[in-house]
1. Counting just the residues of the range 62-108 that are farther than 11 Å from residue 48 by Cα and among the acidic types (Asp, Glu), which one comes out modelled with the lowest pLDDT?
2. Answer with yes or no whether residue 135 is among the acidic types (Asp, Glu), open to solvent by 40 Å² or more (accessible area, probe 1.4 Å) and either within 30 Å of residue 46 (Cα to Cα) or at pLDDT 95 or above (or both).
3. Would you be able to tell me the number of residues in the range 83-108 that are without any contact (Cβ under 8 Å) to a residue 40 or more places away in the chain and of a type in the set (Lys, Arg)?
4. Quick one: residue 53 ticks every box in (1) open to solvent by 50 Å² or more (accessible area, probe 1.4 Å); (2) modelled with pLDDT under 95; (3) assigned to a strand (DSSP E or B) bar one, so which box is it?
5. For the range 109-122, indicate whether the set of residues that are free of Cβ contacts under 8 Å to residues at least 40 places away in the same chain, under 22 Å from residue 48 (Cα atoms) and of a type outside the set (A, V, I, L, M) is non-empty.
6. Please tell me if residue 115 is surrounded by 11 or more Cβ atoms within 10 Å (Cβ to Cβ) and more than 10 Å from the chain's Cα centre (by Cα).
7. How about the range 110-129: which of its residues are acidic (Asp, Glu) and closer than 23 Å to residue 71 by Cα?
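The values are calculated or read from the model by the stated rules, or taken from the named source; none is laboratory data. Quick caveat, the model's predicted, so the values are computed rather than measured. Cβ atoms come from the backbone with ideal geometry, glycine included; neighbour counts cover every protein chain shown. These area figures cover heavy atoms from the full protein model, side chains too; ligands, DNA and RNA do not enter into them. Shrake-Rupley method; radii C 1.70, N 1.55, O 1.52, S 1.80 Å.
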Amino acid sequence: MIIGMYNATKDDGIGLINEMCTGAISMSFIPFNALCFAMEHGTLTDLNSSTFSILDEDHMLANSVRFVLNQDPRVAFCGYSIPHPSDNKVNIRVQTTGDPAKDVLKDGLQDLMVMCQHVTTTFENAVAEFRAKQEQKSGK
């Protein structure tokens, strides 16, 4: 059995946490923010396939991550499930064509974050432009 220990100083914001490996299954924790954690379930011999359990998330994040990962040519399969409606957890399964699954997931999450930032910026610019036009109309 593998136990992941939280170590906030390791790697960048989505970086992996200490892994203590004593068996055939690898589980590690990946911090996304202060409240949400992911756990990787996979084997030590096949890094190309892993299931990531993300706490305190639902279909909104899981479906977005699934969509982004399925656009990546390194991904052979990506799907998600919610074990039970009362559980605040999603399981995302990633199988790759050669790269480690956790690296592909990390890249996909970063791509999704860039997309969200672009949508936010575009929306904020459109709102500012609309307000400026409204002020010009009311000022005439």
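1. 87
2. no
3. Adding up the residues that qualify gives 1.
4. (1)
5. no
6. When the stated conditions are applied, residue 115 passes them.
7. 111, the sole residue that qualifies.
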